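The values are calculated or read from the model by the stated rules, or taken from the named source; none is laboratory data. Small disclaimer: the values here were computed from a predicted structure and weren't measured. Cβ: placed from backbone, ideal geometry, glycine included. Neighbour counts: every protein chain shown. Note: areas computed on protein heavy atoms with side chains; ligands, DNA, RNA excluded. Shrake-Rupley method; radii C 1.70, N 1.55, O 1.52, S 1.80 Å.
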Amino acid sequence: MKFHIISLGCTKNTADSEKIAGMLAQSGFTWTDTPQESDLLLINTCGFINDAKEQSLGVIMESVSLKNNLPAGRTLKVAVFGCLVKRYYSEIKSQIPEIDYLFDFFNEKNIRELTSLNKQTGASCVNPGRFFTPAHIGILKIAEGCDNRCSYCAIPSIRGPFVSLDEESILENAQKLAESGAKELSVVAQDITRYGTDKGKECTLPSLVKKLSKIKGIDWIRLHYMHPRGLTVKLIDELYSIDKVLPYFDIPLQHVSPRLIEAMNRHTTLAHMIEILTHIRSAYPHGAIRTTFIVGFPSETPSDFNKLISFIEDYPLDRVGAFMYSAEEGTPAYDFARKVSHKVKQSRLDRLMTAQQLIIEEQNKRLVGQVVDVIVDSVEDGNAKCRTKFDAYEVDNSTTIHNCASLKPGQFVKAKITKADAYDFTAELIR
Ligand code: SF4
């Protein structure tokens with residue numbers, strides 16, 4: 001039986017989809033690259049904010065329409081799971097009866113239910129490799145859920161409280177990723193700084209990362225989603241002194257107006273965020289700081305917003321994503337007064353990203369003329385698409401090296417940056 005998974009949402013979802021695809025492949029299903037060719041089509045949905053929910057619903061409706069318009073003799077089973085289902089199970093169940101399998105998150109029972117579909121069991125493939133990222137990239141999820149309860153966020157109500165995955169299974173998974181070709185490990189959770197705190201007082205992330213750095217074949221370890229609340233100068237130095245950990249600091253700040261930091265229930269202060277950024281800039285001058293901001297949070301005033309603009313000018317950041325606040329039912333902020341209109345949110349988002357683009361361009365121009373290590377992600381028409389240590393896969397900048405068809409995905413090479421703009425680099429290969 002042929003199967004395909006459409007994986008929507010965040011890297012945590014990608015890690016889940018990868019695991020499920022591996023389980024299905026090992027129980028005799030055959031992966032197919034398109035929904036059209038599949039007999040079993042699975043959709044891992046995202047239910048985080050309105051845009052993501054609309055996208056998930058759109059994909060579900062397309063899949064159901066595919067099922068309803070198959071050529072004679074063909075059948076298709078549609079399975080839908082993930083965060084959108086967790087949030088709206090009964091609505092989806094009643095409004096889209098064409099879905100064959102509907103469950104929130106995968107468990108052994110669901111897998112057994114699906115694998116029983118496949119009569120030709122036993123034709124399992126040993127190591128199915130990777131389905132959602134190139135083989136040289138491994139996404140390693142280390143925990144489920146979140147306890148931070150930011151007032152705008154539905155994830156704690158979707159994914160539940162923060163639960164660290166046990167170290168043994170994480171190391172085993174990392175070993176499997178390395179054996180199937182991973183050279184770069186992306187360590188993800190809703191907030192990795194909480195790792196171990198649900199099992200005791202201290203964050204035990206440094207000892208876990210130290211063990212990950214010992215895994216043969218892994219050359220780069222990229223740490224993602226470090227909530228400033230759990231970050232200290234001591235924890236940063238413990239983590240970033242570990243061999244193979246990239247000088248890439250992914251710290252979602254969300255806002256810098258003290259009043260909004262509090263209203264967002266971010267459990268931190270502007271002073272603490274500045275202390276962290278200042279330390280990173282002085283102790284890791286060649287590092288890259290990635291962050292995200294939310295504009296248009298209820299009661300955000302022009303002066304709150306101008307604080308954001310001044311902040312990015314005073315503390316230039318290297319990689320920035322920004323989102324308009326999305327009112328999510330079931331979150332505390334949903335009932336907050338003084339909502340900001342969509343028009344104002346949009347204009348603030350545009351102003352912030354325009355201002356940031358100029359800053360990033362300056363930041364990136366500093367790399368021109370420098371020789372950097374890059375990893376090759378793909379080679380097309382003789383040109384290699386690569387990334388520096390400062391760029392996460394499918395999130396940040398890419399570096400293009402022209403006329404080097406001999407390079408292979410997963411290869412590390414030295415390259416001299418010849419051109420830089422806000423979002424991309426051009427480089428020449430250093431032989
Ligand atoms: S840290 Fe905040 S924004 Fe991130 S998942 Fe947890 S509650 Fe949501």
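Computed quantities for the displayed model
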| read-out | value |
| --- | --- |
| The chain - mean residue ellipticity at 222 nm from DSSP helices (-39,500 (n - 2.57) per run, n ≥ 4, rounded to 500) | -10500 deg cm²/dmol |
| Listed residue (T75, S7, S38) projecting farthest to the positive dipole end of the chain, Cβ model | S7 |
| Relative contact order of the chain, pairs being alpha-carbon contacts under 8 Å that are 6 or more residues apart, as % | 10 percent |
| Highest-MSF residue in the chain out of C404, C46, C203 [GNM, Cα springs under 10 Å] | C404 |
| DSSP-defined beta bridges in the chain - what % are antiparallel, rounded to 5 | 35 percent |
| Charge dipole (region 137-365, unit charges on Cβ, about Cα centre) - positive-most of Y240, L253, H224 | L253 |
| GluC sites (Glu not before Pro) within region 126-219, DSSP loop, no more than 16 other Cβ atoms inside 10 Å | E202 |
| Mean accessible surface per residue for region 2-115, computed with a 1.4 Å probe while every protein chain stays in place, in Å² | 45 Å² |
| Charge dipole magnitude, Cβ of K and R +1, D and E -1 - region 21-67, Cα centre, debye nearest 20 | 140 debye |
| Options Q357, F297, H267, ranked by Cα towards positive dipole end of region 233-380, top entry (Cβ charges) | F297 |
| Point-charge dipole on Cβ atoms (K/R +1, D/E -1) for the chain, about Cα centre, debye to 20 | 300 debye |
| Most to least packed among 149-157, 49-57 [average Cβ atoms within 10 Å] | 149-157, 49-57 |
| Per residue, in Å², the accessible surface of region 137-365 once ligands and nucleic acids are set aside, probe 1.4 Å | 41 Å² |
| For region 370-380, Karplus couplings with θ = phi - 60° (6.51, -1.76, 1.60), whole Hz, Gly/Pro x | 8, 9, 10, 7, 10, 10, 7, 8, 7, 10, 9 |
| Portion, in percent, of the accessible area of the chain that falls on carbon or sulfur, probe 1.4 Å | 54 percent |
| Most to least packed among 67-80, 350-363 [average Cβ atoms within 10 Å] | 350-363, 67-80 |
| Cα gyration tensor category, rounded, prolate or oblate, for the chain with a/c compared to 1.5 | oblate |
| Net dipole in debye of region 2-115 [+1 Lys, Arg Cβ; -1 Asp, Glu Cβ; about Cα centre; nearest 20] | 220 debye |
